[in-house]
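The next block holds one structure in the form of structure tokens; read it before the comments.
The values are calculated or read from the model by the stated rules, or taken from the named source; none is laboratory data. This structure is a prediction, so every number in the text was calculated from the model and none was measured. Cβ sites come from the backbone with ideal geometry, for glycine too, and all protein chains shown count toward neighbours.
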Ligand code: TYD
Ligand code: MG
């Protein structure tokens, strides 16, 4: 009894626990340390007041009562506003939702500012109030870009500002804007926290203030975010969790094509892509991307196969190029652009093990044309066809498309949306497809389109080898 009393009096009536929270990943620690053990970032821990621990003398505060609602009831469709750019609408899921906040990331110079200037101008032309706030460029620079885009006459409201409090105060005046672009979130600052602009704490606090404003006013806000070397949107990952949608704008600097993808979307799909072409007068929408990705087609050359893919709901034909060449290195090279390197290793292993294709003495290069990135496993068969075609020095039949997933046993497995892939190929003038067996019911298409069904990768290799002048055996022996 005595000991209990001693402990009891040692605890203060009410105390606050202090914790150190990583501003990058949100992990909490009891002591400060230079490196966050959870995410590996340096100097991201900052002190935050923890939860209040109620002492014995303190009555817990009584909560306010609120009404609970039934799940059944009037479902309101989120009111959407078309951006006037249909490829952008496709990615957002049909337009901007009132009060939503989007984060658009991408490498410097990829065209984020161009795309968003085109979107604000399109909305302004449709009679909506739209505002473009640049924290990176002066008003004159933004004007110059707009003029170059032929948008000089659009009623976009411009400002070069970085103070979030001033921006919110200004935009709260008058009619609520339908679209506000903040270019970029890393340049914004708020005096509620005292770290420098661009730091994780500032970015998070600024984003929080802007998100609150969007929810309160119903305006749609687009935040531009810079991307670090390893492809992450710089600043706290928590911003990605706070916003309604995260879009990334991608492309190869040397190509004209730009692809907009949704990495997260609370109001729409995440597998749709928007395709644009960068021209001297801004970004043009590409309504039929297959034609674009095939325009550089090297048909009739060994090592080139056309893959009938699906991106979201849209079929897309892309060209896969392979080069298999004898190596002079002890460990042969495997280099891949636009496809998953571990899938390449898997397809090579299946070719070696089940199809008798020996590649240990060859360098292997694989490239997806046009800066596209293939993510679905259905690309396996097309990649294998390109590889074997290059090795056998046998051009694949002109007018053929390939798709199908390869399993570790060497079987070719069916994939989703076979009919849509075949339809797209027929539409673009192809005459045959090499496809998995269970794509049945589509074997004979009207218009003379032929589907050759293959059960295993070995079938495919035998067919291509038969086409080869030299044949695989001659090249791989010795
Ligand atoms: P920008 O939108 O400023 O990129 P970001 O905001 O992502 O950094 O685009 C810059 C690049 O786009 C620049 O290299 C020039 C090119 N560009 C064109 O090719 N045509 C155009 O009409 C415009 C405005 C830019
Ligand atoms: Mg920019």
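Every residue, every condition in (1) buried (at least 18 other Cβ atoms within 10 Å of the Cβ); (2) closer than 15 Å to residue 310 by Cβ, yes or no:
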residue	(1), (2)
378	yes, yes
383	yes, no
390	yes, no
407	no, no
416	no, yes
420	no, yes
431	no, no
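Give segment 385-396 a look and list any residue that's part of a loop (DSSP other than H, G, I, E, B) and under 18 Å from residue 454 (Cβ atoms), or say none. Passing the criteria: 394, 396.
For the structure I just gave you, tell me whether residue 395 is under 14 Å from residue 302 (Cβ atoms) and either crowded, with 23+ Cβ neighbours inside 10 Å or at pLDDT below 95 (or both). When the stated conditions are applied, residue 395 passes them. Going by the structure shown, is residue 330 away from ligand 2 (no atom under 16 Å from the Cβ), part of a loop (DSSP other than H, G, I, E, B) and modelled with pLDDT under 85? Answer is no for this residue.
Restricting 267, 249, 213 to those that are modelled with pLDDT of 80 or more and in a loop (DSSP other than H, G, I, E, B) reduces the list to 267. Scanning segment 146-182 for residues that are buried (at least 21 other Cβ atoms within 10 Å of the Cβ) and within 16 Å of ligand 1 (Cβ to nearest atom) returns 146, 156, 181, 182. Note on segment 346-384: residues that are touching a strand residue (DSSP E or B) at 6+ places or on another chain (Cβ under 7 Å) and part of a helix (DSSP H, G or I) amount to 14.
Residue 429 falls short on exactly one of the conditions (1) assigned to a loop (DSSP other than H, G, I, E, B); (2) closer than 20 Å to residue 320 by Cβ; (3) at pLDDT 85 or above, and that condition is (3). Considering every residue within segment 400-408, establish whether at least one is assigned to a loop (DSSP other than H, G, I, E, B), farther than 22 Å from residue 360 by Cα and modelled with pLDDT under 90. Checking segment 400-408: not a single residue is assigned to a loop (DSSP other than H, G, I, E, B), farther than 22 Å from residue 360 by Cα and modelled with pLDDT under 90. Taking the numbered list (1) closer than 23 Å to residue 41 by Cα; (2) away from ligand 1 (no atom under 16 Å from the Cβ); (3) modelled with pLDDT of 90 or more in turn, residue 241 passes all entries but (3).
The test for being farther than 22 Å from residue 209 by Cα, more than 16 Å from ligand 1 (Cβ to nearest atom) and either modelled with pLDDT under 95 or buried (at least 23 other Cβ atoms within 10 Å of the Cβ) (or both) holds for residue 125.
Checked against the criteria, residue 69 does not count as more than 23 Å from residue 182 (Cβ to Cβ), part of a strand (DSSP E or B) and at pLDDT below 95. The residues of segment 95-146 that are more than 16 Å from ligand 2 (Cβ to nearest atom), assigned to a helix (DSSP H, G or I) and more than 26 Å from the chain's Cα centre (by Cα), listed by number, are 124, 125.
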